[in-house]
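*Asks:* Structure incoming, see below.
The values are calculated or read from the model by the stated rules, or taken from the named source; none is laboratory data. Quantities reported herein were computed from a predicted structural model and do not represent experimental measurements. Every residue, glycine as well, gets a Cβ built from its backbone with ideal geometry; the counts of neighbours run over all protein chains shown. Surface areas here come from the heavy atoms of the whole protein model, side chains and all, with no ligands, DNA or RNA. Shrake-Rupley method; radii C 1.70, N 1.55, O 1.52, S 1.80 Å.
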Amino acid sequence: MPARRPTQADIARLAGVSQATVSLVLNERDAGVRISPATRERVLAVMREWGYVANASARSLAGGRNKIIGVYTFEQVFPTTSVDFYFPFLLGMEQEAAELGYDLLMFTSAGGQRQIFRDGSTRLSLADGTLLLGRYPNIEEIEHLRDSGYPFVYVGHREVSGAPISYVAADYAGATQQLTERLFALGHERVAYARLGNGDAQPSRDREKGFRRAVPAGTTRRLTGPVWTLESVDEVDGLLSEMLRSGVTGVVAEQQLLAEELLGCARRQGASVPGDLSIVVLGDSTGARRDDTPWTGLVVPREEMGREATRLLIRLLESADSTARSESVECPLMDGATVGPPHTAGGTA
């Protein structure tokens, strides 16, 4: 044998069969062609002896499946600031893919700017289908990928123009509604929503939707108060003063960092949590200092989202139906210690 990787032609010559027979053995597409067990075993034995590895891209071009699932992120995965966000997703994907007999292939972008398409083509086709995730995606590239017919599932609620795409999302709206209604049940009559940064991102809109549709048990009258959007944590002192002045006794904070700042400001102003102000946290841990406060709120089910997205993609790959599908994953709730009855409802500082 030459000092190079063996080809299908080499394997066919060594096994004494045609190259077409080698291809059929590799791709397991011999349902209509009779290949004896002895011939199949002879071909496989030669492959093992000479270390033959099938060319994944060639098999994909031939219409076969490689049993490979791609993973593509719109932001860098490996910086330490991204570890907490991406690791649980990747863990769930890896575990589910292994259980279902698929390998994972991670795609990155060269040249600094992350792009799915370069010069009109994409390397994602090396995989049978790909899982996409990221907080700041390129919507145009997602729509281009959809229009190309390539199978993929987005991890997170993702709306695009035109035809819908397949995605798996956390049920932020449902969990936020439950947490807000828990405040009502404790006697809070004025509850506000607060966030840092703009609310244009889909997860932020989903959370706000759940807040706005919350109603106390036994009534249709909504008691939710204003929605505040802050540009920076420097505005938190003023926000807390406005809340206490306007009679807000419960706040639903989108980010843990905002909740941490509110707690610090309350202590400086002599207010108690949860006596004067109950705080609910909606799972966004971006920039959080992660102190030991037992927050009441929701948990983003990242690992289960990774698992469910992998299951959905494989169902799409193994089904003749290419219709876009979406799945919702329930967010577990944390009881914590930052929510209680307000002073006016019998609470204590």
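*Asks:* When a/c reaches 1.5 or more, the comparison of a/b and b/c decides; with that in mind, is the range 196-242 rounded, prolate or oblate per its Cα gyration tensor?
*Replies:* Judged from the Cα gyration tensor, the range 196-242 comes out oblate (a/c at least 1.5, b/c at or above a/b).
*Asks:* How much of residue 241 can a 1.4 Å solvent probe reach, expressed as accessible area in Å² and rounded to 10?
*Replies:* Near enough 60 Å² of accessible area.
*Asks:* Less than 12 Å Cβ to Cβ from residue 327, Lys/Arg counted +1 and Asp/Glu -1: what total charge do the surrounding residues give?
*Replies:* Taking every Cβ under 12 Å from that of residue 327, the sum is 0.
*Asks:* To continue, here is another question. Whenever you get a sec, compute what percent of the accessible area on the chain sits on carbon and sulfur atoms (1.4 Å probe).
*Replies:* Here it works out to 49 percent.
*Asks:* Here's another thing I want to ask about it. For P(r) over Cα pairs in 20 Å bins from 0, in percent, one of [x] 29, 53, 17, 0; [y] 26, 43, 22, 9, 1; [z] 28, 51, 13, 6, 2, 0 was computed from the structure I shared and the rest are decoys. Which label?
*Replies:* Looking at P(r) over Cα pairs in 20 Å bins from 0, in percent for this model, the match is [y].
*Asks:* Projected onto the charge dipole of the range 290-349 (+1 at Lys/Arg Cβ, -1 at Asp/Glu Cβ, origin at the Cα centre), which of 314, 300, 342 gives the Cα projection farthest towards the positive end?
*Replies:* 314
*Asks:* The range 258-349: which GluC sites (Glu not before Pro) are DSSP loop and have at most 10 other beta-carbon atoms within 10 angstrom?
*Replies:* Details: sites: 260, 261, 303, 304, 308, 318, 327, 330; in loops: 318, 330.
Loop-located and lightly packed - 318.
*Asks:* Please give the calculated 222 nm ellipticity per residue for the chain, where each DSSP H segment of at least 4 residues contributes -39500 (n - 2.57) and the sum is spread over every residue; nearest 500 deg cm²/dmol?
*Replies:* -11500 deg cm²/dmol
*Asks:* Can you compute the modelled spin-label distance between residue 123 and residue 143, with each label point 7 Å from Cα toward Cβ, in nm?
*Replies:* Output for this residue pair reads 2.7 nm.
*Asks:* Can I ask one more? Just the number please: accessible area per residue for the range 88-230, 1.4 Å probe, all protein chains included, in Å².
*Replies:* Ligands and nucleic acids excluded, the result is 47 Å² per residue.
*Asks:* OK, next. Given a 1.4 Å probe and the protein chains all in place, what does the accessible area of residue 200 round to, in Å² to the nearest 10?
*Replies:* Per-residue accessible area (residue 200): approximately 110 Å².
*Asks:* Quick one: which of 289-298, 187-196 comes out on top by average Cβ neighbours within 10 Å, and what's the full order, highest first?
*Replies:* 187-196, 289-298
*Asks:* Now a separate question. Projected area of the range 191-315, taken from the Cα convex hull and averaged over every viewing direction, in nm²? Provide the component values of the computation, followed by the final result.
*Replies:* On the way: hull surface 38.8 nm².
Averaged projected hull area, Cα only: 9.7 nm².
*Asks:* Another question, then. Working out 0.36 nm times the residue gap between residue 215 and residue 244, then minus their Cα-Cα distance, what length gain in nm do you get to one decimal?
*Replies:* Length gained, residue 215 through residue 244: 8.3 nm.
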